[in-house]
Amino acid sequence: MAARTTGCLSEALAALRISATKVRPLQTILLFAVLRSLIIPQPATVGRTFTRSMATESPASDITRSTSTPQKIIQSWNPSTQPPQSLPKLTKLTTYLPTVSTVPVTIHSFPALEPTSLEQWSVNHLYLPLRRDLLYSAVVFEGDNTRQGTASSKTRYEVHGSHRKIRPQKGSGRARLGTRQSPSIKGGGKTFGPHPRDFGTKLNRKVYDKAWRTALSYRYRRGELVVCEDGMELAVPEDFARVAHHFKDGLREAYLEKYMRGVLAALRLGRADGRTLFVTGDRRDWLYSAMAGLPGEGRALGLPDVDVKDLLETGKVVMERSVLKEMMEQHQSDLVTRIVVGGLPGKGPQTGEKVL
């Protein structure tokens, strides 16, 4: 039986050698695989697991033999069609996202608040993350430096008058008394009384400037920062403007308050929406006079009078474009380097580049 099998295999190999010169290499491989699967019988131990004789050695892997198909052979000789053994590591999505360096700012008209133009501002100006620690430090710093510290009282050594003893120590039957400057006597000095002092604290300039921009960024992110064109003023009726200087007994202020209350309600900037802070470069007569009588609706301030606390305590902030630009120029010390290169000082990010 073995001799017959060997003879058949020899004849097949001889025929394969003769046809190898006339057939392509790939077809030769396929023919050899088919003949091999037909001639060589499958062993009876297919699918069994062989283990080594030593008990301490790990078992060998399963020895199996499968019939080769043309598709498997083609795949083995064409590595490009094989799937990769290991998938490449996934890269973070942020690696492919474009870096955002500017944010859009819409410029409105006042008091209609209609969009007129579009500008782009640096993210370092209006898109900083919320830092409560910086805002807290800035508000405390401003509050401490706002305290006047002018309270003053006299001690017993500063009260005017004679320092002789009021009455003898004994013989009067009354309580013992010393000088009339004693704190226990009316008109005498004060023990541990207040004296003029400076309550101001210190805060790094860069920290304070970043707190300013953080407060503005907080308003911008919440959609509560409204930037208007320069020259922001309350548009009163022409008839009233012509005769306003003749009004007496508070009629002018009463009309302005009523008119301004209606404007704020129409624009959703009044008390129902959290009050509004108006910031201008200089004083606007109509706007400032109207807001002076409406503390519950908001207030109007000039740029020198605004601090971080003012930007945070109202519902919305309405300011002129020039005011916002000046704020950024005054509070960007942490963005401007002090190193001078080529005789030119460093500059901060560009402010208010017009797009539309």
Along the Cα→Cβ direction, 7 angstrom out, place labels at His246 and Ile185. What is the inter-label distance in nm? 6.8 nm
Sequence of Phe240, Phe199 once ranked by neighbouring C-beta atoms within 10 Å, starting from the fewest: Phe199, Phe240
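Just want the ordering: Glu353, Glu326, Glu224, from fewest to most Cβ atoms lying within 10 Å of their own Cβ.
Arranged by neighbour count, lowest to highest, Glu353, Glu326, Glu224 become Glu353, Glu326, Glu224.
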By the Kirkwood definition, with r running over pairs of different Cα atoms, the range 151-198 has a hydrodynamic radius in Å of 11.9 Å
Just want the ordering: Arg197, Arg271, from fewest to most Cβ atoms lying within 10 Å of their own Cβ. Arg197, Arg271
What relative contact order, as a whole-number percentage, does the range 151-198 give when Cα pairs under 8 Å and 6 or more residues apart are counted? 49 percent
For the range 279-286, take each phi angle, set θ = phi - 60°, evaluate the Karplus expression 6.51 cos²θ - 1.76 cosθ + 1.60, and give the result in whole Hz per residue in order, putting x for glycine and proline. 10, 10, x, 9, 6, 10, 4, 5
Put a dot 7 Å past each Cα toward the Cβ at Val340 and Asp198; how far apart are the dots in nm? 3.0 nm
Given R₀ = 45 Å, FRET efficiency for Lys165-Tyr136 by Cβ-Cβ distance, to 0.05? 0.25
Starting from the Cα-Cα distance between Ser322 and Asp305, subtract it from 0.36 nm times their residue separation and give me the gain in nm to one decimal. 4.6 nm
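The numbers here are math on the coordinates, done by the rules we state, and not lab data. Everything quoted here is computed from the prediction, not taken from an experiment. Note that each Cβ is placed from the backbone with ideal geometry, even for glycine, and that neighbours are counted across all protein chains shown.
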